[in-house]
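The values are calculated or read from the model by the stated rules, or taken from the named source; none is laboratory data. These figures come from a predicted structure and were not determined experimentally. Here Cβ is always computed from backbone atoms with ideal geometry, including for glycine, and neighbour counts include all displayed protein chains. SASA here: full protein model, heavy atoms, side chains in, ligands and nucleic acids out. Shrake-Rupley method; radii C 1.70, N 1.55, O 1.52, S 1.80 Å.
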Amino acid sequence: MSAAIRPVRTQAELGLVDVFTTARQGLPGGSDIAAVRAAAFNHFVLGGLPTARVEAWKYTDLRRLMRDAKPLAAPPDAVAKQTARDAGGTLAGLGFRRLVIVDGTFVEELSDLIGLEQGLTVRSMAEALAQDEPLLSQGLGAMVPADDTALALNTALAGDGVVITVSPDVAVGRPIHLAFVNTGEAPAAMVTRSLVVIGKGGRATFIETHEGRGQADYQVNTALQFVIGDEAQVDHVKATRESKGAIHIGTLLAHVGARATFNDWGFTTGGAVVRNQLFVLLSGQGTIVNLRGLSLLAERQHADTTLTVEHAAPNCQSREVFKAVVDDDARAVFQGKITVRRLAQKTDAKMMTRALLLSDGAEADGKPELEIFADDVQCGHGATTGNLDDQLKFYLMARGIPEKQAEALLIQAFAAEVVETIEHESIRNALLEAIASWLGRRE
Amino acid sequence: MTPLLEIRGLRAEIAGRKILQGLDLRVDAGEIHAIMGPNGAGKSTLSYVLAGKPGYEITSGQILFKGEDLLAMAPDERAAKGVFLAFQYPLEIPGVATVTFLRTAVNAQRRKRGEEELSSPDLLKRVRELARKLGIDPEMLRRPLNVGFSGGEKKRNETLQMALLEPLLCVLDETDSGLDIDALKIVANGVNALRSSERGMIVITHYQRLLDYIVPDVVHVLAAGRIVKTGSKELAMELEATGYAQYQNVAA
C-alpha cells in the first residue's frame, strides 16, 4: 500500500496545506468537528489531488488542472452583497424561497426567511457547526459511502452553507432556491457544505444555482447532502453557470430511505472545469431515484459528471440519463456506476449517456458500469456519441429551414429531453430558455 | 414562356457511381409528369438532386427552375422558391413536435421570401383544417415529427406539409410505397386538390397503381439514368403489362 502514498508536492497541493493550516483555527465547529476535519484533511495529504490514475478521476486530472490553491474567500463586503442582489438570474423572479450564499457565506439579509412554512427550518451551516450538533458532525461524516479526495477537502475546509430541515409529513409547496453567487472580485476559493434533512413523508423541491460574476479566477468546492426519509419526495435541480476561468467541484450525497422518490437534474453551461459528482444510496425498499443531467459546452470547457448509485435494498428503481452537447474544443465526461448489493433483489436500474458533438475538436468520454451482486435484477446501460444527423438536417432544410436553424432545432430536441422531465413548470421553462439562449450564441 | 423546370443533360454521381447519365426533362406549370422505371434507374437520385441533398456530385448539365440555376441554391433556398420533395421515407425527428416543425418551416420560407410570418393561431387553424381533410388525428400534430407514425401516417403528413407550404413544383418520390389502398386514395385526393395551373408535379413511381388516382399528363420511362421514352398516360398501362425489361438495355 505504501506505493499509493504520494506526498503532496505540487504548488496547488502545497497551497492547500497552507490554506488549511492558516484557516483551521477559524473554521466553525467544536472539537468533534475539528477532528472530522483533521481526519478528512489527512485523507488528502496521504493521496494528494486525484490524478488520472484514480479511476473516478480518470478523465479529470485534478492535479494537472488545478494549478494553484486560492485562499479561502473573505466574507462578502457591502459591494459583494450589492453584486449578489439579483442572485439566481431569471429564476429569482419566480417566487421561490431564495437563500443567497455569496462567495461561500450565507447572507441572511439577501435571503427570504420570512414566513417559513410550518415544519421548515433554515439555518446557516456556520452557525449550526458552531453549536456542534451531533446531526452535523454526522452530516460531515460518511452517511453515504464516498471515498473521495475532493469531498474530503470539502469536509476539511467548508466554512458555511445552509442547513434545512423539513419535518415528517410536511409538504413544502414553494420551491427553495439555493443561490450561490461568486463575485469574482479577487481570486478565491469558496468551500461550502449544505445539509438537507427531509423527514418521513416530507416533500420539497430545491433549485440550486451557481453563478460567477467577476473576472477573477476562482475555485468552488461545494457539497450538498440530502438525507431523505422514508416515503419522502424530493426534487433537486442544480444549474451551474460559473465564470469562464472558474473550477467548480460539486458533490451531491443522497441517502434515500424506503418508498421515497428522489429526482435530480444537473444543468451545466459555465465554468472552465466543472466536476459534478453524485453519490446516491438507496437504503430502503421500494424507492425510486431518477438522476438526469445536461451539459452544454463550448470553447475549451471541461465538464465531468461522475456518479455512483448504490442499491442496498430490494425492489428499488433507478434511472440515469446524462446528455452533453459539445462544441468547439470542449470535452464532456460521464462516468456512472450502478452497484447492486446482494440483498437488493428485484432492482430495476438503467443508465444511459449520450453525447452530441458539434465540431471536430469536441470530445466526449462515457463510461457506464454495472456491479451486481444480486441474482434477480434488471439492469442495463448504454452510451452513444455522435454528430448531428445529416439526413435529419437535410429533411428540415428541404422544408425551407435554414441550416443554422435546422441545427438549432435538432440540438434543442436532443437537449430538451432531459429538461422536459422537470415537473415544476417554471423551472422547466427557465431551463428550456437557457438551452435556447445557449444555442443563440452559435448563430 | 419560361418552363417551370428544365433539366438539361444532367449527369450525377454518388461516391463515384454514375447514376444520372444525361437526363433531359421539361415540366411546365399546370402539368403532371410521371416518371416510371425499374429499381436502380435513378428515380430517387433525381428527386434528391432536385431537392439538393448533399453527397451527390453533378458532373455536367443544369437544372433551371423558373429560369434560375437551381443547383446553385441550398436546399432551404430551393424550398423557399417553391420546390417540394415528398420523401419516400419521411424521417423521424424525436423531440421536435410536428406542429413546431410546421410553424418553423412555414415561417422560415415566408421570411426568406420577404413575407410576413404567420401568427401561431392562424397557422394552427390552417394546419387543423388540412389535417381534417387528410384524415390526420389532430393529436398527432403534437407528437414528435413522424415518431411512431405508421407508413400511411407519414405519407399523409408529407402531403399535409405539401399542402401547407404550397410549393410550385411537387416532387413525389414513391409516395405509394407502404400505403394500403385506402391510405393511397386519401393521399391521392390530397395531391389532386393541389393541382393548379401554376403548379407542376413530378410523380415518381415504380407501379402504375398510383397513376389510377393521380392521373398524369405525361409519362416518362427512366432507365439507366436517362429518359428513354415519353408518352401519354397510356404508356403507364403498357408498362404495367410489359414490365421494364425492354428498357433495361436501352441505355447501355
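Ignoring lysines fewer than eight residues from A:K350 along the same chain, the ones with Cα atoms less than 28 angstrom from its Cα are A:K58, A:K200, A:K238, A:K323, A:K337, A:K367. The Kirkwood hydrodynamic radius of the stretch A:302-404, based on inverse pair distances between different Cα atoms, is 15.4 Å.
Express the Stokes-Einstein translational diffusion coefficient of the stretch A:76-209 in µm² s⁻¹, to the nearest whole number, given a Kirkwood radius over alpha-carbon pairs, 10 °C and a viscosity of 1.306 mPa s. For the chosen part, D equals 101 µm²/s.
Taking every Cα-Cα distance in the stretch A:122-281 and sorting them into 5 Å bins starting at zero, the pair-distance distribution P(r) comes out as 2, 9, 19, 21, 22, 15, 8, 3, 1, 0 percent. Over all pairs of different C-alpha atoms, the protein assembly as shown has a mean inverse distance whose reciprocal, the Kirkwood radius, equals 28.6 Å. Here the stretch A:193-349 is treated as a Stokes sphere of Kirkwood radius computed over C-alpha pairs; at 25 °C and 0.890 mPa s its diffusion coefficient rounds to 154 µm²/s.
Between helix B:151-165 and chain B there is an angle of about 80 degrees, using the helix long axis and the longest principal axis of the Cα atoms. All alpha carbon pair distances within the stretch A:23-93 were sorted into 10 Å bins beginning at 0; the resulting P(r) in whole percents reads 15, 25, 28, 30, 2. Note that the stretch A:313-326 has calculated 3J(HN,Hα) couplings of 9, x, 6, 9, 10, 9, 10, 10, 10, 10, 10, 9, 10, 10 Hz, one per residue in order, obtained from phi through the Karplus relation 6.51 cos²θ - 1.76 cosθ + 1.60 (θ = phi - 60°); glycine and proline are x. Helical content alone sets the calculated 222 nm signal of chain B at -10500 deg cm²/dmol, taking -39,500 (n - 2.57) per DSSP H segment of four or more residues and averaging over every residue. Ranked by the mean number of other Cβ atoms within 10 Å of their residues, highest first, the peptides B:90-100, A:171-181 come out as A:171-181, B:90-100. The portion of the accessible surface of the protein assembly as shown made up by carbon and sulfur, rounded to a whole percent, is 49 (1.4 Å probe; DNA, RNA and ligands excluded). Summarising the overall dimensions of chain B from its C-alpha atoms, the Rg and Dmax are 17.9, 56 angstrom. When nucleic acids and ligands are ignored and a 1.4 Å probe is applied, A:K200 ends up with an accessible area of around 110 Å². Ranking A:H381, B:H206 by solvent-accessible area of protein heavy atoms (1.4 Å probe, all protein chains present), from largest to smallest, gives A:H381, B:H206. For the pair B:K112 and B:K133, label points projected 7 Å from Cα toward Cβ lie 2.3 nm apart. Interface residues of the stretch A:411-438, defined as those with an accessible-area decrease of at least 20 Å² between the chain by itself and the complete set of protein chains (probe 1.4 Å), are A:A413.
With a 10 Å cut-off around each Cβ of B:91-97, the average count of Cβ atoms from other chains is 6. Inverting the pair-averaged 1/r between distinct Cα atoms of the stretch B:25-99 gives 14.4 Å as its Kirkwood hydrodynamic radius. Dividing the Cα radius of gyration of the stretch B:1-141 by its Kirkwood radius returns 1.01 for Rg/Rh.
Here the stretch A:168-260 was treated as a single set of alpha-carbon atoms; its pair distances binned every 5 Å from 0 give 4, 13, 23, 19, 14, 11, 8, 6, 3, 0 percent. Convex hull over the alpha-carbon atoms of the stretch A:381-443: what's its volume per residue in Å³? Value for the stretch A:381-443: 107 Å³ per residue. Pick from A:T21, A:T205, A:T305: which is most flexible by mean-square fluctuation in a GNM of chain A where alpha carbon atoms under 10 Å apart are linked? Largest GNM mean-square fluctuation: A:T21. For the stretch A:58-104, the spherically averaged projection of the C-alpha convex hull amounts to 5.6 nm². Principal semi-axes of the equivalent ellipsoid, √(5λ) from the alpha carbon gyration tensor of the stretch B:108-202, are 22, 18, 12 Å from largest down.
Backbone geometry of the stretch A:24-31 corresponds, through the Karplus equation with coefficients 6.51, -1.76 and 1.60 at θ = phi - 60°, to 3J(HN,Hα) couplings of 4, 5, x, 6, x, x, x, 5 Hz, x marking Gly and Pro.
Entry note, chain A: relative contact order of 9 percent, from Cα contacts under 8 Å with a spacing of 6+ residues. Ligands, DNA and RNA excluded, the heavy atoms of B:R26 present near 110 Å² of accessible surface to a 1.4 Å solvent probe.
Taking all protein chains into account, the per residue accessible area for the protein assembly as shown stands at 40 Å² (1.4 Å probe). Ordered from highest to lowest accessible area with the whole protein assembly present and a 1.4 Å probe, B:C170, A:C379 read as A:C379, B:C170.
Each Cα pair under 8 Å and six or more residues apart adds its separation to the average, and for the stretch B:139-252 the resulting relative contact order is 21 percent.
One quarter of the surface of the convex hull around the alpha-carbon atoms of the stretch A:1-124 equals 11.6 nm², the direction-averaged projected area. Extending 7 Å from the Cα toward the beta-carbon at both B:R195 and A:L343 defines two label points whose distance is 7.7 nm. Near A:D329, once Lys and Arg are set to +1 and Asp and Glu to -1 for all other residues with Cβ below 13 Å from its Cβ, the sum equals -3. For A:D86, A:D103, the ranking by accessible surface with the largest value first comes to A:D86, A:D103, using a 1.4 Å probe.
For B:K133, the shell of other residues with beta-carbons less than 14 Å away shows a net charge of +4, using +1 for Lys and Arg and -1 for Asp and Glu.
Peptide A:378-391 has a mean of 1 when you count, residue by residue, the C-beta atoms of other protein chains within 10 Å of its C-beta. Within the assembled protein chains, the solvent-accessible surface assigned to B:T2 is about 80 Å², based on a 1.4 Å probe.
Surface burial for B against A, with a 1.4 Å probe and both sides summed, reaches about 1900 Å² of accessible area.
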